[in-house]
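First comes the structure, then the notes that go with it.
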Amino acid sequence: MAAEQKSAEVTDWAARIGWLVGLALFIALVYWLMREGWKWRGTLQGDLPELPTAPEDPGPVKLSMSGRYHGSTTAGQWLDRIVAHGLGTRSRAELTLTDAGLDVVRPGANDFFVPAAQLREARLDKGIAGKVLTEGGLLVVTWAHGARLLDSGFRSDRAAEHNEWVDTLNGMINKTETEGAR
């Protein structure tokens with residue numbers, strides 16, 4: 001009986017390495033296609049003008065908040081992400097609201113400024129492209145940029161601040177509209 005025993009099968013290393021290389025190439029192809037899609041979306045949104053920068057003296061600070069910027073979308077279409085000019089890049093953010101407008105400082109990404117006259121609405125929502133939270137967990141600011149209305153989503157480190165931001169922003173917007181109607 002001892003003569004009938006066989007040794008265990010030897011692993012076919014060439015086939016295993018071939019499968020691993022094939023898998024790595026497939027993953028690289030999928031990543032490259034996703035990147036090309038992102039760049040193509042930016043090209044399609046090329047009509048979007050450059051982002052405004054904050055004025056030298058914006059005035060006294062009404063509110064400030066630190067938290068996260070989750071991205072911008074076409075207003076009312078929470079899945080239509082805007083990627084032009086770095087608006088699709090998630091990042092930490094420092095928001096400062098003054099009489100001049102909303103200043104968004106993003107370390108590692110493009111900062112931008114929304115003039116008070118361009119602000120349209122502020123609300124609490126549950127999601128924006130790529131981020132879904134509990135109801136009211138996201139501060140969404142609607143603003144005009146060029147010929148488009150954009151929704152930008154922010155989440156404060158202290159979510160209890162969101163209601164104050166909505167009230168103050170909407171009060172500013174109503175005041176601006178009232179003064180513009182005179």
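The values are calculated or read from the model by the stated rules, or taken from the named source; none is laboratory data. Nothing here was measured: the structure is a model prediction, and the numbers come from that model. Counting neighbours? That spans all protein chains shown, and the Cβs are built from the backbone with ideal geometry, glycine included. To get the accessible areas, we keep the full protein, side chains included, count just its heavy atoms, and leave off ligands, DNA and RNA. Shrake-Rupley method; radii C 1.70, N 1.55, O 1.52, S 1.80 Å.
Here are the numbers for this structure:
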read-out	value
Which numbered condition Gln5 misses (of (1) open to solvent by 70 Å² or more (accessible area, probe 1.4 Å); (2) within 29 Å of Leu138 (Cβ to Cβ); (3) polar (S, T, N, Q))	(2)
Index of the failed condition, Ile82 passing every other in (1) among the β-branched types (Val, Ile, Thr); (2) farther than 20 Å from Leu44 by Cα; (3) open to solvent by less than 30 Å² (accessible area, probe 1.4 Å)	(2)
For Thr43: the one exception among (1) of a type in the set (Val, Ile, Thr); (2) surrounded by fewer than 11 Cβ atoms within 10 Å (Cβ to Cβ); (3) in contact (Cβ under 8 Å) with a residue 60 or more places away in the chain	(3)
Residue ID - modelled with the lowest pLDDT, chosen from residues in region 62-82 that are under 19 Å from Arg120 (Cβ atoms) and small (Gly, Ala, Ser)	Gly76
Candidate set: region 118-167, residues that are open to solvent by 10 Å² or more (accessible area, probe 1.4 Å) and assigned to a helix (DSSP H, G or I); chosen: the one nearest to Pro49 (Cα to Cα)	Gln118
Filter result for Leu95 (more than 14 Å from Ser72 (Cα to Cα) and either open to solvent by less than 60 Å² (accessible area, probe 1.4 Å) or under 17 Å from the mean Cα position of the chain (by Cα) (or both))	yes
